[in-house]
1. Would it be correct to say that Leu112 is aliphatic (A, V, I, L, M) and either open to solvent by less than 10 Å² (accessible area, probe 1.4 Å) or not in a strand (DSSP E or B) (or both)?
2. Quick check on this structure: which one of Lys290, Lys254 is at pLDDT 70 or above, open to solvent by 30 Å² or more (accessible area, probe 1.4 Å) and more than 17 Å from the chain's Cα centre (by Cα)?
3. Do the conditions hold for Leu81, that is, is it more than 15 Å from the chain's Cα centre (by Cα) and either within 20 Å of Leu257 (Cβ to Cβ) or assigned to a loop (DSSP other than H, G, I, E, B) (or both)?
4. How many residues are surrounded by 15 or more Cβ atoms within 10 Å (Cβ to Cβ) and not in a loop (DSSP other than H, G, I, E, B) when one looks only at the stretch 129-165?
5. Might you let me know whether the stretch 94-104 holds any residue that is buried (at least 20 other Cβ atoms within 10 Å of the Cβ), free of Cβ contacts under 8 Å to residues at least 60 places away in the same chain and not in a loop (DSSP other than H, G, I, E, B)?
6. Which of the residues belonging to the stretch 75-87 are in contact (Cβ under 8 Å) with a residue 60 or more places away in the chain and open to solvent by 50 Å² or more (accessible area, probe 1.4 Å)?
7. Please go through the stretch 107-146 and give me each residue that is under 11 Å from the mean Cα position of the chain (by Cα) and modelled with pLDDT of 90 or more, ordered by number.
8. Using the structure shown, decide if Tyr90 is aromatic (Phe, Trp, Tyr), open to solvent by 20 Å² or more (accessible area, probe 1.4 Å), assigned to a strand (DSSP E or B) and under 23 Å from Leu263 (Cα atoms).
Amino acid sequence: MTEFCLRTQAINNLNNKPWSDLPPELLLEIAGKLGLLEHLSFRGVCQPWRLASSEASADLQSEIDTKPWFLLYGNGSHCSLLDSLSDKVYNIHMPELDGATCIASKEGWLLLYRNESLFFYRPYSHAKIELPKFPTQQLFDDHTATFSSTPISPDCMVFIGTRTSSTHLVLNVLRRGANVWVQYEETIYGPDPNFTFMTFCSSGEFCSGGELNLVSKTRNVIFSVEEKRWMHRVLVPSNTPGSSPVPWENRDPKIELKRKLGLGKGDSLTICGTEMIGEHNTCISNQEIKAVEEEGVDIRHNKGVWINPQFFQLPLNQNSWSL
């Protein structure tokens, strides 16, 4: 009888034990098996679970070859996140995106512009890095941007190209640790003024290293960062199915994107593309999906960005752009 009572008491003690007292090794194993959104919920339970999730976040960070998700924003701090694999839409709260415009997306980091300021932001972990003041008070509508590597990398460079006229291009460059933007100007002629995306090539088969590529439908304008010189290439469409004149695949968002997000005829959508870094680098271009103007249809303007679904725990003392 005494042994039975002891066993019963042990079971009752176990049942009454708080979830926060689970062994760290078990918490780590559980966190390592969670998807991104489940991982974020797991972190919010209590401090021990948050610590376990931080250790497991390295596995999530390494998953860089997955399909990009789509983040719809522009309605205050209310945002919608579309999982491209399941087509599920999640409603999330992101005050950092209220009033902001995304101008570049890469490896889970967003480059955002708001109220004459620029900053990097990591939506899933809310990591944020402020950048030095931009040379002009506002960005022109005709601009494209990218960055060479993650903003915590010591060799990170930020590039923002702006067409100030039909023939004039201004490129602003900021190196990690610098407090001043450097400008480079170039004259461009031709009937195709809009660059759909910009990408940076550090090395490889298609570039000699340290080259910035601005790509439109008919041309590729290259800036050599090391040599500080411009090069122009005319893109000739290929008749070979599946071939591309540039060393990456250009994948535009599908036409049913608005339907998946629950947007209607009167909703326009300005999309910031992204670069997917992996075994085969791919780029999704910037795009403008216009609203259908019909009588009785209210026009609403929305913004969105393709983003790599990665979690990232910002290391201590890494929230400053200065080294």
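1. Answer is yes for this residue.
2. Going through Lys290, Lys254 in turn, just one is at pLDDT 70 or above, open to solvent by 30 Å² or more (accessible area, probe 1.4 Å) and more than 17 Å from the chain's Cα centre (by Cα): Lys290.
3. It is false that Leu81 is more than 15 Å from the chain's Cα centre (by Cα) and either within 20 Å of Leu257 (Cβ to Cβ) or assigned to a loop (DSSP other than H, G, I, E, B) (or both).
4. 13
5. yes
6. Asn75, Asp87
7. Passing the criteria: Trp109, Leu110, Leu111, Leu112, Phe120, Tyr121, Thr146.
8. yes
The values are calculated or read from the model by the stated rules, or taken from the named source; none is laboratory data. What you are looking at is a predicted structure, and each value in this text was computed from that prediction instead of being measured. Neighbour counts run over all protein chains shown; Cβ positions are idealised from the backbone, glycine included. SASA here: full protein model, heavy atoms, side chains in, ligands and nucleic acids out. Shrake-Rupley method; radii C 1.70, N 1.55, O 1.52, S 1.80 Å.
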